[in-house]
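Enquirer: Below you will find the structure I want to go over with you.
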Amino acid sequence: MEDTVRIPPDKFNEPLEKVALEQLKMKYVGVIDDELGYLIAVTNVRVSPIGKIIPGDAAIHHKVTFMLLTFLPKVQEIVEGEVVEVADFGAFVRIGPVDALLHVSQLMDDFITYDEKQGVLMGKETKRKVTVGDRVRVRITAVSIGRGAGFGKIGVTARQPFLGKIEWIEEDLKKLKAEAQAAEAKGKE
């Protein structure tokens, strides 16, 4: 990207790249953009050594080129994250720099109960549990990103094959492998 940074007079004795990086971080990091998504970091700052002085402003304005590290979630994208909060209505999953909502209706094909004391969502039939710290694989189902420093909202689901808590996926894969081997052995008889 390209922009112009304002170097205030009290920063004239500091390295140009350092001051420019500080100014760019203040302007870009933490912002949510419709096209770019969540702006996470500014890198590779190159500052033009020749600046401009604008009448009435004691600062120097330099052109800069830089790169932005961003996170732009897409609907249907499969991501892995960590459960950071559990509530009666679902779990919040940290994916990149943001938390996505995994609603109880999207957790699993089972009736789910919430144990507030233990902070656990549990399936009635399967006895599968979700708690803070669990790693999960989910599909993004909804993305709402606003402009500026507002918050975006991301909805995710785990109610599809090979989604959910990582341990559940591994268990399901072992079952499938055992079933396939049993079918193969039965076919050889």
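Since every read-out is calculated from the coordinates, none of them should be taken as a lab result. Note that the structure is a prediction, hence the values are computed from the model and not measured. Cβ: placed from backbone, ideal geometry, glycine included. Neighbour counts: every protein chain shown.
Enquirer: Please report the equivalent ellipsoid semi-axes of segment 78-183, computed as sqrt(5 x eigenvalue) of the Cα gyration tensor, largest first, in whole Å.
Expert: After scaling each eigenvalue by five and taking roots: 26, 17, 11 Å.
Enquirer: With angles folded into 0 to 90 degrees, how steeply does helix 16-28 sit against the dominant principal axis of the chain? Use alpha carbons for both and round to 10.
Expert: Roughly 50 degrees between the two axes.
Enquirer: Oh, and also: Determine, from the Cβ-Cβ distance of residue 179 and residue 124 and an R0 of 30 Å, the FRET efficiency 1/(1 + (r/R0)^6), rounded to the nearest 0.05.
Expert: Between residue 179 and residue 124 the formula returns 0.75.
Enquirer: OK, next. Counting each DSSP H run of 4 or more residues in the chain as -39500 (n - 2.57), what helix-only mean residue ellipticity at 222 nm follows after dividing by all residues, to the nearest 500 deg cm²/dmol?
Expert: That comes out to -6500 deg cm²/dmol.
Enquirer: Under 37 °C and 0.692 mPa s, how fast does segment 28-92 diffuse according to Stokes-Einstein, given a Kirkwood radius computed over C-alpha pairs? Answer in µm²/s, whole number.
Expert: Using the Kirkwood radius from Cα pairs, D works out to 208 µm²/s.
Enquirer: Say the cut-off is 24 Å between C-alpha atoms; which of 74/129; 129/175; 117/153; 74/175 go over it?
Expert: On the way: 74/129 27 Å; 129/175 19 Å; 117/153 27 Å; 74/175 31 Å.
From the list (74/129; 129/175; 117/153; 74/175), the Cα-Cα distance tops 24 Å for 74/129; 117/153; 74/175.
Enquirer: Right, next: What angle, in degrees between 0 and 90 and rounded to the nearest 10, separates the Cα long axis of helix 166-188 from the longest principal axis of the Cα atoms of the chain?
Expert: 40
Enquirer: Could I ask something else about it? For the chain, place one equal point scatterer on every Cα, skip the solvent, and apply the Debye formula. What is log10 of I(q)/I(0) at q = 0.08, 0.16 Å⁻¹?
Expert: -0.45, -0.96
Enquirer: In what sequence, highest mean first, do 119-131, 70-82 appear when ranked by Cβ atoms within 10 angstrom?
Expert: Listed from highest to lowest mean packing, they are 119-131, 70-82.
Enquirer: Amide H of residue 31 versus every other amide H placed in the peptide plane: which residues, excluding those fewer than 5 positions away on the same chain, fall under 5 Å?
Expert: Amide H neighbours of residue 31: 39.
Enquirer: Could you go through segment 103-114 in sequence order and give the Karplus-derived ³J(HN,Hα) for each residue, using 6.51 cos²θ - 1.76 cosθ + 1.60 with θ = phi - 60°, rounded to whole Hz, and x for Gly and Pro?
Expert: Each residue's phi maps through the Karplus curve to give 5, 4, 5, 10, 7, 6, 7, 6, 6, 10, 10, 10 Hz.
Enquirer: Could I ask something else about it? Sort out for me the Cα centre separation of segment 31-46 from segment 80-114, rounded to whole Å.
Expert: Cα centroid of segment 31-46 versus Cα centroid of segment 80-114: 27 Å apart.
Enquirer: Sticking with this one: When the distances between all Cα atoms of segment 63-123 are binned every 5 Å from zero, what whole-number percent does each bin get?
Expert: 4, 16, 21, 20, 13, 9, 6, 4, 3, 2, 2, 1
Enquirer: Amide H of residue 100: which non-local residues (sequence gap of 5 or more, or other chain) have their own amide H closer than 5 Å, using H built in the peptide plane?
Expert: 93, 94, 95
Enquirer: So, one more: Tell me, what HN-Hα J-couplings in whole Hz come from the Karplus equation 6.51 cos²θ - 1.76 cosθ + 1.60 at θ = phi - 60° for each residue of segment 46-51, using x for Gly and Pro?
Expert: Here the 3J(HN,Hα) series is 10, 10, 5, x, 9, x Hz.
Enquirer: What residues have an amide H closer than 5 Å to that of residue 142, excluding those fewer than 5 places away on the same chain, when H is modeled at 1.01 Å from N in the peptide plane?
Expert: Excluding prolines and chain starts, which carry no amide H, the hits are 155.
Enquirer: Compare the Cα positions of 37, 9, 70 along the charge dipole of segment 2-71 (+1 at Cβ of Lys, Arg; -1 at Cβ of Asp, Glu; about the Cα centre) and return the one farthest towards the positive end.
Expert: Going by the charge dipole, the pick is 9.
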